[in-house]
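The values are calculated or read from the model by the stated rules, or taken from the named source; none is laboratory data. Predicted model, so just to flag it, every value in this text is computed and none were measured. We place every Cβ from the backbone using ideal geometry, glycine too, and count neighbours over all the protein chains shown.
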Amino acid sequence: MDKLWPEVEAFVRKEAGVSARKLITPLTSLEDDLDITGDDAGEFMVRFFEHFRIEVGDYDFNRYFLTEGSGVALLFTMFSKKRRESLKRVPLTVGMLVNAVRLKRWDSSQIELLHDT
């Protein structure tokens, strides 16, 4: 496992209040698996960038997370394929956070490419 892993995992556990009993892997999604959403996700990422001294680069909150209140919009997705497409997000995983720490900047294409390999 990556030498950065323990530090990033510890940060995620502390900041998100994740129990030591819950398994976190590089594929663990912040939103889907750890329920880090909306404003909490925004605050989590600000702390992440500050803690690890990462340049924000091309990071875009809306690429990875739904905003507060987007859940209501989900009710209407069954009626519109276009609306469903607009709500799709790239799952931001703990492995992607490790890649960002390694790069010291947020470069979406690099972080996502490294994560997919």
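Here is the figure for the stretch 12-59: residues that are surrounded by fewer than 15 Cβ atoms within 10 Å (Cβ to Cβ), of a type in the set (D, E, K, R) and under 16 Å from Thr93 (Cβ atoms) total 3.
Tallying residues that are without any contact (Cβ under 8 Å) to a residue 60 or more places away in the chain, of a type outside the set (D, E, K, R), assigned to a loop (DSSP other than H, G, I, E, B) and on the phi < 0 side of the Ramachandran plot within the stretch 9-56 yields 9. Across the stretch 85-105, a minimum of one residue is classified as touching a helix residue (DSSP H, G or I) at 6+ places or on another chain (Cβ under 6 Å), among the polar types (S, T, N, Q), more than 17 Å from Ile36 (Cα to Cα) and at pLDDT 80 or above.
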